[in-house]
Amino acid sequence: MSGRRPPQHTHPRDVTIEAVLTALADPVRLSIVRCVAQARDWELPCGSLDVGVSKATLSHHFSVLRETGLLEQRDEGARRTIRLRREEFDEHFPGLLDLVVPFTERGRMHRTGGSHSVT
């Protein structure tokens, strides 16, 4: 057992649209959501995201995204994986993620040496 606390999650139905929009207004958090949207559920290790911030700052951004119901994280041995809570989020905020995460022309995920970044 790793000794770290499991992440706490908020269901999207318990979040206001203002909180979600505030969370997504941050470019780093928006990049995180876009990266995670491109991965299959639970395939992406949290530590593999390359969004240009320190580990502590990345943890803070993950916390904000969990508190707004956008992301869910779970521990798998020594690593923590992540998923976008698209189904649950779409039930409460239909269509919002489709507006925020259009990858076709605006941005594509690039894998670089085991890390993931968005351009």
With the first residue restricted to the range 75-104 and required to be surrounded by fewer than 12 Cβ atoms within 10 Å (Cβ to Cβ), and the second required to be modelled with pLDDT of 90 or more and acidic (Asp, Glu), Cβ contacts under 9 Å at 6 or more apart or on different chains are Asp98/Asp90
Looking only at the range 12-61, count every residue that is in a loop (DSSP other than H, G, I, E, B), of a type in the set (Ser, Thr, Tyr) and open to solvent by 70 Å² or more (accessible area, probe 1.4 Å) and tell me the total.
1
Pairing a residue in the range 60-71 that is at negative phi with any residue that is buried (at least 19 other Cβ atoms within 10 Å of the Cβ) and outside any helix (DSSP H, G or I), where Cβ atoms lie under 6 Å and the two sit 6 or more apart in sequence or on different chains, gives Leu65/Leu71; Leu71/Ile82
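Answer with yes or no whether His9 is in a helix (DSSP H, G or I) and more than 10 Å from the chain's Cα centre (by Cα).
Spelling it out, it is not the case that His9 is in a helix (DSSP H, G or I) and more than 10 Å from the chain's Cα centre (by Cα).
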Considering only residues of the range 62-74 that are in contact with a Ser or Thr (Cβ under 9 Å, 6 or more places away or on another chain) and of a type in the set (D, E, K, R), which is surrounded by the fewest Cβ atoms within 10 Å (Cβ to Cβ)?
Arg74
Matching residues, the range 1-11, being open to solvent by 30 Å² or more (accessible area, probe 1.4 Å) and not small (Gly, Ala, Ser)
Met1, Arg4, Arg5, Pro6, Gln8, His9, Thr10, His11
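The values are calculated or read from the model by the stated rules, or taken from the named source; none is laboratory data. From a predicted model like this one, the values you see are computed outputs, not experimental measurements. Every residue, glycine among them, receives a Cβ derived from its backbone with ideal geometry; neighbour counts consider all protein chains shown. Surface accessibility is based on the protein's heavy atoms, side chains included, excluding ligands, DNA and RNA. Shrake-Rupley method; radii C 1.70, N 1.55, O 1.52, S 1.80 Å.
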